[in-house]
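What follows is a short report on a single structure.
Just so it is clear, none of the values below were taken in a lab; they were calculated from the coordinates. Computed from a predicted model, the values in this text were never measured in an experiment. All Cβ positions, even for glycine, are placed from backbone atoms using ideal geometry, and neighbour counts span all protein chains on display.
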Amino acid sequence: VDDRLLQAYGLTGLGWARLMCDDANGARDDFDDGHRLATQVGDPIHIAFTVSKLGVLDDAEGRSRDALSRHLDAFAAFKAAGNTGGVGFSLSRASLSAWTLGDYQSALDFALVAYESFDELGCRWGRSVACARIAFACLRLGRPGDAREWGLRGLRLCESGLRLGRLYNLAAIAAALIRTGDPDGGLPLLRATVADPENPLIYATQERHELELAEAQLAEEGRTVEGGAGSVDLDAAIADLLRERAGAPVS
């Protein structure tokens, strides 16, 4: 039908699918084309969405400062348009960028506002991802107990949804276990989560950082912990945690 805005939406969706398959080059082509078409049409909402998607690509390729700038530009456009979903997505992504840059308080603040935005919309997937990002920020701010609670909340929110969300929150819980003195319980889970083939690189960014930190600490102490990829049933571990959490309200 030669509708350039629909083409822009289609290309942006296709680029996201490619990025979830770790095809950064294909994603870049699609996001660039989607942004170009949205700009030609002049649709501010979709321009903002494509800007934020380009920010995700920046994150995936290690350009966190560029990514944060894009996410905050997108946030400003979404906020001006009153688009609550866009506010949630752009700030959730900004949380990851800020975390990677070492600004953990901003990472926490962004993720909390993202959570509130998704909560307003009743978007369980968005809330679950925001929970994981809150948890990872809490870990770096010296609050592993809070990290575990947010991870458990996120796990429950996506228990009937995508496995990716469950893996993300499980990784945060595993990292919290390590930081509270239980590397034997947490490290095999974290290793297996990072290695899981359903875990795209962009979602495993924080998990890999936490894993490297834990492995370095163990090496410094002259300790070893067995177990990891192939030796841990992640779905069984998730089911155990959900049973432990059964009956607790999801707020």
In degrees, nearest 10, the alpha-carbon axis of helix 124-140 is tilted away from the dominant principal axis of the alpha carbons of the chain by 60 degrees
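Loop-only check: which chymotrypsin sites (Phe, Trp or Tyr not before Pro) in the stretch 1-60 are DSSP coil with at most 12 other Cβ within 10 angstrom? The partial results should precede the final answer.
Numbers: sites: Tyr9, Trp16, Phe31, Phe49; in loops: none.
Of the chymotrypsin sites (Phe, Trp or Tyr not before Pro), not one in the loops of the stretch 1-60 has a Cβ with at most 12 other Cβ atoms within 10 Å.
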Under the rule rounded for a/c under 1.5, else prolate if a/b exceeds b/c, else oblate, using alpha carbon gyration tensor axes a ≥ b ≥ c, the stretch 47-162 is classed as oblate
With a ≥ b ≥ c from the Cα gyration tensor eigenvalues, square-rooted, and the rule rounded for a/c under 1.5, otherwise prolate when a/b > b/c and oblate otherwise, the stretch 46-104 is prolate
Here, the chain modelled as identical Cα point scatterers in vacuum has Debye log10 I(q)/I(0) at q = 0.14, 0.16, 0.18 Å⁻¹ of -0.91, -1.14, -1.38
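Would the stretch 170-251 count as rounded, prolate or oblate if I go by the C-alpha gyration tensor, calling it rounded below 1.5 in a/c and otherwise prolate when a/b exceeds b/c, oblate otherwise?
In terms of gyration-tensor shape, prolate.
Defining a contact as two alpha carbons under 8 Å apart and six or more residues distant in sequence, what relative contact order in percent does the chain show?
Working: 397 pairs, mean separation 30.3, N = 251.
Rounded, it is 12 percent for the chain.
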